[in-house]
Amino acid sequence: MENNRLPLVRKYATAFVNVFGASFNQQQLDAIGTCAQTLAELRNLIFFLQLTSLPDQLKRAALEKIIIAQCGLPGSFSSLINLLIMHKRSFLITPIIAKIHRLALKRKGIALFNIRSSSALDENQKKSLLQFLEHKTDMQIVGNYTIDTKLIAGVRMQSDTLLWEQSIRKYLADVQLSLTR
Amino acid sequence: MEIKNIDLVSLFEQALQNRPQQKLDEIGIVVKVGDGICAVHGLSTAELGELVSFEGGNEGIIFNLDEDTVTIFLLHSTIVVAELEVAKRTGTVFKIPVGMGLVGRTINALGKPIDALGEVKADAYMPIEASAPQIIERSPVNESLETGIIAIDALVPIGKGQRELLIGNRNTGKTSITVDTILHQKGKNVFCIYVSIGQRQANVARLIRTLEENGALEYTVIVDADSSEAVLNQYLAPYVGCTIGEYFMNKGYDALVIYDDLSNHAIAFREMSLLMRRAPGREAFPGDVFYLHSRLLERAGKLAKGGSLTALPIVQIQSDDITSYIPTNLISITDGQVFLDTKLFNQGIRPAVNVELSVSRVGSAAQTAAIKKVTKALRLELAQYHDLLDFAQFGTELDEISQHKLARGALVIELLKQAPFATYSFQDQTLMLLLLKENVLDKLNKVDVVAFATQYTSYVKSVYPELYEIITDTQDLPQDIIPRLLECADEFSKIFVSPARMSNI
């Protein structure tokens, strides 16, 4: 997606969250997040949505089947689909849903963090990290845990706008910088 | 990859003692990168001009804040920035080292030394953007900054704290004048900063060698952003030089900064603005190209509490056209200009100062009293000479007075010629111009004028040092010593041998 579309994506997502965002519960928010990931994997969908030769009814039907029927998103997303098709911008559905997920979480005071560690974390460690993040951000933290052996040892916690990392890899990178710059 | 000589043990000790960071870094993600510029999504709280660091080791400066992205120019062209790389706010602006440790050093636009003489010992780190001194902090320009070039010191005098533009076609001697000015500051407690913008590396190397051979590097700082450097470095270089000069000025010293040249600086800024998709204006320059130079040059001045920063910006023109965009901008910003004429240069009149188009708005307030006394009618003589010269080309017969004026003018032109790297002190200039004023040179052949004048000054200095000292101490030419000086001239003329005759002996 070109960078000049980013403001447009944000505007659609902001408008949708302003109208329907208050009604989403946690389960629906999780479904929106999953749907965003699913759509990101369906690259062919975007190609077909950009084809002007395909009739709007077909596009509408395809999007409603994927988003509402299969991903289980609320019915309010039909209005979003109709709006995008009317504006001939249905190919922006993927980034818009991803943005809706992030905005809705933010509105509810929830921050999504990707937490990568060099080895598996036990429950106490996860709780400690979440408490640290909650203390720093004043938000409720939802963690997505993965293993990244490239860290060598340590943890990296990253959201859209914030980063905290304490790892051997970072330390070595800093040492390299201080030696060469 | 060049590795600095740092004790690894102390680095590890430091790391062991450090506690884990307590703050979360504010980050953005690189969405587009290329041509030395990148767009970062996020960084919604970042500020304009803020320094940003990338995880890959590069750094950049924020130049644009858009709704969802910020535009960052990269500082290091050799460190790769990949798409989706994380960019962190540093919370600070770009700063450069300043202090006495920079004197005698050559640095790049990032403040790093490039002369292989080790690290620079900085007294402080200062941001490159700063506000100019306020009106109340300034003092009028009333002290001479001698260039050692008689054509400039006599006719277009420069004072400490003045901004004097050097303008001319390519290869008309603009850089040569600045080199002579730097060489002439030896022993005068003036720190010199030479900023090279978009020049050839060979030229810069030659200049550095010249300064080194003449002992001028001991009080000079070279800031180099040659034509192979990234466009951001060429943009930053003048501000870096100005910041270094400002440090000296604020410490009470006199400093001279030379920007060679600001036309390349404007071109670099134009390239940056076009890459940022800013609307192009006249000649494709952005609308704030005037502000680019005005905020730089306004930082020069003379402070009431002591200290001064004199600026000599250089601008290159095409085909002697001083009415084009950037030159006219700079002419309106500066306190005068020295126009170097290609025609004069090709005629062998060097320095090729076109006196009619050159002006110093500070004027005689920046001249020593001695020079002021002996240059009273000099400009008028030259103006009359040029008028008559045009007239004489028609081949008409001129009256005696006109012929005398033509001859006088030719003598003046001859006296104002000066070889490169051969500067005159104000005392020598006073004596030479006194000879001219009192018509002592009228009897000589044109080819002997410079030799006679320079040898006469040596004669007075060695045989009558008390007269020389009076001029030095008083910075004036007292009326009572003029007859004695003229007697010396008469005495000297009896023993003077023309160089042409000397070569025949």
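The values are calculated or read from the model by the stated rules, or taken from the named source; none is laboratory data. Remember, it's a predicted structure, so these values are computed and weren't measured experimentally. Methodologically, a virtual Cβ is constructed for each residue, glycine included, from the backbone with ideal geometry; neighbour enumeration extends over all protein chains shown. These accessible areas exclude ligands, DNA and RNA; they are computed on the full protein's heavy atoms, side chains included. Shrake-Rupley method; radii C 1.70, N 1.55, O 1.52, S 1.80 Å.
Report the label-to-label distance for A:Ser76 and B:Gln393 in nanometres (one decimal), using points 7 Å from each Cα along the Cα→Cβ vector.
If labels sit at A:Ser76 and B:Gln393, their model points lie 8.4 nm apart.
Roughly how big is segment A:24-181's charge dipole about its Cα centre, with Cβ charges of +1 (Lys, Arg) and -1 (Asp, Glu), in debye to the nearest 20? All intermediate terms of the calculation are to be shown ahead of the outcome.
Details: 20 positive and 12 negative charges, 80 e Å.
For this selection, approximately 380 debye.
Note down, for the protein assembly as shown, the three equivalent ellipsoid semi-axes (square root of 5 times each alpha carbon gyration tensor eigenvalue), biggest first, whole angstrom.
Working: eigenvalues 960, 165, 70 Å².
Semi-axis lengths for the protein assembly as shown are 69, 29, 19 Å.
Quick one: how many Å² of B:Lys251 are accessible to a 1.4 Å probe, rounded to 10?
120
What per residue convex hull volume, in Å³, do the alpha-carbon atoms of segment B:322-422 yield?
Numbers: hull volume 13.7 nm³, N = 101.
That works out to 136 Å³ per residue.
Stretched out fully, how many nm does the piece from A:Arg107 to A:Leu8 gain, at 0.36 nm a residue minus the Cα gap?
On the way: separation 99, 0.36 × 99 = 35.64 nm, distance 1.94 nm.
Gain on stretching A:Arg107 to A:Leu8: 33.7 nm.
Expressed in nm², what is the orientationally averaged projection area of the convex hull enclosing the Cα positions of segment B:288-343?
4.5
Nearest 100 Å² is fine: how much accessible area is buried between B and A, summed over both sides, with a 1.4 Å probe? Don't jump to the answer; show the numbers that get you there.
Numbers: alone 24310 and 11240 Å², together 32940 Å².
Approximately 2600 Å² gets buried when B meets A.
Which order do A:Leu172, B:Leu415 take when ranked by solvent-accessible area (1.4 Å probe, heavy atoms of all protein chains), largest first? Each step should come with its number before you reach the end.
Values: A:Leu172 90, B:Leu415 0 Å².
The ordering from most to least exposed comes out as A:Leu172, B:Leu415.
Please compute the Cα-Cα pair-distance distribution of segment A:30-179 with 10 Å bins starting at 0, giving whole percents from short to long.
Reading upward from the zero bin: 10, 31, 25, 20, 12, 3, 0.
Rounded to the nearest whole Å², what accessible area per residue is found for the protein assembly as shown with the 1.4 Å probe? Working shown, then result.
On the way: 32940 Å² over 686 residues.
With the other protein chains kept in place, the protein assembly as shown gives 48 Å² per residue.
Using a/c under 1.5 as the rounded threshold, could you call segment A:1-54 rounded, prolate or oblate? The axes a ≥ b ≥ c are square roots of the C-alpha gyration tensor eigenvalues, and prolate needs a/b larger than b/c, oblate otherwise.
Values: a/c = 2.24, a/b = 1.44, b/c = 1.55.
Since a/c reaches 1.5 but b/c is at least a/b, the shape of segment A:1-54 is classed as oblate.
Along Cα→Cβ, 7 Å out, is where each label goes; now give me the distance between the ones at B:Ala451 and B:Leu48 in nm to one decimal.
Simple spin-label model gives 6.3 nm for this pair.
Between the helical axis of B:201-213 and the dominant principal axis of chain B, each derived from Cα atoms, what acute angle in degrees is found, rounded to the nearest 10?
Approximately 60 degrees, to the nearest ten.
Short version: ³J(HN,Hα) in whole Hz for each residue of segment B:285-302, in order, from phi by Karplus 6.51 cos²θ - 1.76 cosθ + 1.60 (θ = phi - 60°), x for Gly and Pro, what are they?
6, x, x, 9, 5, 5, 5, 3, 8, 5, 6, 6, 7, 5, 6, 7, x, 10
According to the square roots a ≥ b ≥ c of the eigenvalues of the Cα gyration tensor, what is the shape class of segment B:67-140, taking rounded for a/c under 1.5, prolate for a/b larger than b/c otherwise, and oblate for the remainder? Walk me through the intermediate numbers first.
On the way: a/c = 2.98, a/b = 1.31, b/c = 2.27.
Oblate.
Across peptide A:150-162, what mean number of C-beta atoms from other chains lies inside 10 Å of a residue's C-beta?
3
As I understand it, the value is the acute angle between the Cα axis of helix B:231-250 and the longest principal axis of the Cα atoms of chain B; what does it come to in degrees, rounded to 10?
With both axes taken from Cα atoms, the answer is about 70 degrees.
Just how much of A:Asp122 is accessible, in Å², when a 1.4 Å probe is used and the result is rounded to the nearest 10?
The accessible area comes out at roughly 80 Å².
What does DSSP give for chain A in terms of the percent of beta bridges that are antiparallel, rounded to the nearest 5?
Working: 9 of 17 bridges.
So the antiparallel bridges amount to about 55 percent of the total.
With a bin width of 20 angstrom, please list the P(r) values of chain B as percents of all Cα-Cα pairs, from the 0 bin to the one holding the largest distance.
Going out from 0 Å in 20 Å bins, chain B shows 21, 48, 23, 8, 0 percent.
For the protein assembly as shown, what is the percent of antiparallel DSSP beta bridges, rounded to the nearest 5?
Numbers: 50 of 88 bridges.
Antiparallel bridges make up about 55 percent of those DSSP assigns within the protein assembly as shown.
How big is the accessible area of B:Lys417 in square angstrom, nearest 10, if you roll a 1.4 angstrom probe over the protein chains?
50
Run lengths n ≥ 4 of DSSP H only: what is the helix-derived mean residue ellipticity at 222 nm for the protein assembly as shown, with -39500 (n - 2.57) per run over all residues, to the nearest 500?
On the way: 25 runs with 292 residues, N = 686.
After summing the helix terms and dividing by the residues of the protein assembly as shown, the value is -13000 deg cm²/dmol.
Give me a comma-separated list of calculated 3J(HN,Hα) values for segment B:454-461, in order, Karplus coefficients 6.51, -1.76, 1.60 applied at θ = phi - 60°, integers in Hz, x for any Gly or Pro.
After applying 6.51 cos²θ - 1.76 cosθ + 1.60, I find 5, 5, 4, 5, 5, 5, 5, 5 Hz.
Taking one equal scatterer on every alpha-carbon of segment A:127-179, how large is log10 of I(q)/I(0) by Debye at q = 0.12, 0.17, 0.26, 0.30 1/Å?
Log10 I(q)/I(0), no solvent term: -0.33, -0.62, -1.07, -1.22.
Send over the Kirkwood Rh of segment B:348-505, from the inverse of the averaged 1/r over different Cα pairs, rounded to one decimal Å.
16.9
Semi-axes of the equivalent ellipsoid for segment B:81-224, please: Cα gyration tensor eigenvalues, times 5, square-rooted, ordered largest first, whole Å.
Numbers: eigenvalues 187, 88, 55 Å².
Working from the Cα gyration tensor, I get semi-axes of 31, 21, 17 Å.
Is segment B:198-309 best put as rounded, prolate or oblate by its Cα gyration tensor, with a ≥ b ≥ c the root eigenvalues, rounded for a/c under 1.5, and otherwise prolate when a/b is larger than b/c, oblate when not?
Working: a/c = 3.08, a/b = 1.35, b/c = 2.28.
Since a/c reaches 1.5 but b/c is at least a/b, the shape of segment B:198-309 is classed as oblate.
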